[in-house]
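Shown next, in structure tokens, is the structure this report addresses.
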């Protein structure tokens, strides 16, 4: 996947959460745990954007560690055809 496609998808996900009333920060090209952090009142979401929905074991582990340590809710955003899909990550799946 090209950088441009990935960046466009991240912006699409960012806009989705902004429309839901979240303040969203994008960390473009950082290769950090999350592509986006979305905050609304007492909720902090950590969002990893993957067009194909494939998350490595290492990425998932880092996201779950952030949840346990900081309470950041880990979410995988991906595409199913043209539809945006969200999956809340847990230890089970």
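For region 13-40: of the residues being out of contact with any strand residue (DSSP E or B) (no Cβ under 9 Å at 6 or more places or on another chain) and at pLDDT below 95, which is surrounded by the fewest Cβ atoms within 10 Å (Cβ to Cβ)?
31
State which residue is surrounded by the most Cβ atoms within 10 Å (Cβ to Cβ) when the search covers only region 55-88 and only residues that are at pLDDT 95 or above and part of a loop (DSSP other than H, G, I, E, B).
The qualifying residue surrounded by the most Cβ atoms within 10 Å (Cβ to Cβ) is 72.
Taking the stated definitions as given, is residue 51 in a loop (DSSP other than H, G, I, E, B), surrounded by 14 or more Cβ atoms within 10 Å (Cβ to Cβ) and either in contact with a helix residue (DSSP H, G or I) (Cβ under 9 Å, 6 or more places away or on another chain) or at pLDDT 95 or above (or both)?
yes
Which of the residues spanning region 1-14 are outside any helix (DSSP H, G or I) and touching a residue at least 40 places away in the same chain (Cβ under 8 Å)?
1
Would you mind finding the one in 64, 84 that is touching a residue at least 60 places away in the same chain (Cβ under 8 Å) and over 11 Å from the mean Cα position of the chain (by Cα)?
After ruling out the rest, the residue left standing is 84.
Can you tell me which residue within region 15-29, out of those that are free of Cβ contacts under 8 Å to residues at least 24 places away in the same chain and assigned to a helix (DSSP H, G or I), is farthest from residue 46 (Cα to Cα)?
If we take residues in region 15-29 being free of Cβ contacts under 8 Å to residues at least 24 places away in the same chain and assigned to a helix (DSSP H, G or I), then 19 is farthest from residue 46 (Cα to Cα).
The values are calculated or read from the model by the stated rules, or taken from the named source; none is laboratory data. Not measured: the values here are computed from a predicted model. Heads up, the Cβs are rebuilt from the backbone with ideal geometry, glycines too, and the neighbour counts pull from every protein chain shown.
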